[in-house]
1. One residue is enough: does the range 37-57 have a residue meeting the conditions out of contact with any strand residue (DSSP E or B) (no Cβ under 9 Å at 6 or more places or on another chain), more than 23 Å from GLU293 (Cβ to Cβ) and not charged (D, E, K, R)?
2. Could you look through the range 74-125, keep only residues that are over 20 Å from the mean Cα position of the chain (by Cα) and among the polar types (S, T, N, Q), and pick out the one that is farthest from GLU5 (Cα to Cα)?
3. Restricting to the range 280-300, what's the tally of residues that are open to solvent by 20 Å² or more (accessible area, probe 1.4 Å), among the acidic types (Asp, Glu) and in contact with a strand residue (DSSP E or B) (Cβ under 7 Å, 6 or more places away or on another chain)?
4. Take the range 136-172 and flag every residue that is farther than 23 Å from ASP323 by Cβ, aromatic (Phe, Trp, Tyr) and in a loop (DSSP other than H, G, I, E, B).
5. Do we have ARG52 as in contact (Cβ under 8 Å) with a residue 40 or more places away in the chain and either open to solvent by 10 Å² or more (accessible area, probe 1.4 Å) or within 19 Å of the chain's Cα centre (by Cα) (or both) here?
6. Can you give me the number of residues within the range 1-37 that are of a type outside the set (A, V, I, L, M, F, W, C) and open to solvent by less than 20 Å² (accessible area, probe 1.4 Å)?
7. Give the residues of the range 301-344 that are at pLDDT below 60, open to solvent by 30 Å² or more (accessible area, probe 1.4 Å) and among the small types (Gly, Ala, Ser), sorted by residue number.
Amino acid sequence: MDELETAVHHSITAVKRGEWNAVVAQQSDTGSVFERYEWLAAYEAATDARARHVTVRKSGTLVGVHPSFVRPLPGTPFRFLGPPKPGTNGAMIATDEAAVFDAIADEMASLSSGRTIGHLFRPASERSLRYATRLREREYYPTVRDCRFVLDIDRPWADVHADLSQKKRRNLRKADDGGVTATDVPVTPDTVEAFGRRHAEHVARLDGDGASPAFLRALLTHVGDRLKLFRATVDGAPAGELLAVLDDERDALVLLFPAYDPANFTHFPSEVLYRAAIRWGIDAGYATCDFGETTPDFADGTFSFKSDFGGQARPGLRWERVDSVLGRVLYLLGSDRVVARLFGGRRRR
């Protein structure tokens, strides 16, 4: 058996685009748009994050990849290894799955030392469940810190509409009666810049996380052909927008970044935007519509809003390994607030 060669790269530009994407998008069963070369390049261009991308080669051929970044633990001298934010970091493997997975895991263990106290493995694809036992053997612990609502759209809109809650169908009728419309608009520097301003205002109102203007511009540069922008209008004026990502690797339309104006909430632009995106996804032939990361709390407004669209809540896959003694003690004691901070989570409003 040919020996495997493992390397760590401090930028995705150190790897050939075609090689990396071939493993992520064609040769593995677990890749997504968020692990493609272009998404990682956009994240690196817009942030000061330090990359630690692992590659595994067999006889010179790339057969395994795992994207990762060094992320600081705010207010401490410590840091951990994890995915871009937003994004995922699965293990994408083309062949010799057991040996290549072990090579990736060994390399991540060697990178966790000193002030780097752990590693977050957060794959996009549910097919990564195939690694759960091996991760457990390496002292990774599964957690449910978020969920995603996924709607089957491989069917006519009439069938999707029938699964909406009565409240959602009523709100859509009111929006239609009020003249609210929504459609996709061209993704250009001007439309992305305008969306960025509205998105920043939306995020500031919620005291939450969002996409910076620099990251949005980088996404346009690197993955512009994978972006879809939907805009709702009332009497010709913008009432809300929704930026989506085409995850062709998982045959999904992902609704990623919102930008709503609360002054228009009585017109239900969010419902109209979701309908426009779902119908566009149906016409484009996507199998699912992914509503994005959501707090797994039935009392959370966003959780309730998305559940009313008929999608199924699925836990976000993530395994956490904490190498420090203090971190392990907190984990075993169930200190979710502290461990969530270790791995970049936050409590949402």
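1. no
2. Top of the filtered list is THR76.
3. Qualifying residue count, the range 280-300: 1.
4. none
5. On the way: in contact (Cβ under 8 Å) with a residue 40 or more places away in the chain: yes; either open to solvent by 10 Å² or more (accessible area, probe 1.4 Å) or within 19 Å of the chain's Cα centre (by Cα) (or both): yes.
Criteria met by ARG52.
6. Initial filter on the range 1-37 (of a type outside the set (A, V, I, L, M, F, W, C)): 2-3, 5-6, 9-11, 13, 16-19, 21, 26-32, 35-37.
Among the residues that remain, those that are also open to solvent by less than 20 Å² (accessible area, probe 1.4 Å) are: 21, 28, 30-32, 35.
Residues in the range 1-37 being of a type outside the set (A, V, I, L, M, F, W, C) and open to solvent by less than 20 Å² (accessible area, probe 1.4 Å): 6 in total.
7. Restricting attention to the range 301-344, the residues satisfying the condition of being at pLDDT below 60 are 327-344.
Subset that is open to solvent by 30 Å² or more (accessible area, probe 1.4 Å): 328-338, 341.
Correct list: GLY334, SER335.
Residues checked against (1) without any contact (Cβ under 8 Å) to a residue 40 or more places away in the chain; (2) buried (at least 20 other Cβ atoms within 10 Å of the Cβ); (3) farther than 29 Å from THR30 by Cβ:
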{"position": "MET108", "(1), (2), (3)": "no, yes, no"}
{"position": "ILE117", "(1), (2), (3)": "no, yes, no"}
{"position": "TYR131", "(1), (2), (3)": "no, yes, no"}
{"position": "HIS161", "(1), (2), (3)": "yes, no, yes"}
{"position": "SER165", "(1), (2), (3)": "no, no, yes"}
{"position": "ALA175", "(1), (2), (3)": "no, yes, yes"}
{"position": "THR183", "(1), (2), (3)": "no, no, yes"}
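The values are calculated or read from the model by the stated rules, or taken from the named source; none is laboratory data. Nothing here was measured: the structure is a model prediction, and the numbers come from that model. As a convention, Cβ positions derive from the backbone with ideal geometry for all residues, glycine included, and neighbour counts pool all protein chains shown. Just the protein is used for accessible areas: all its heavy atoms, side chains included, with ligands, DNA and RNA removed. Shrake-Rupley method; radii C 1.70, N 1.55, O 1.52, S 1.80 Å.
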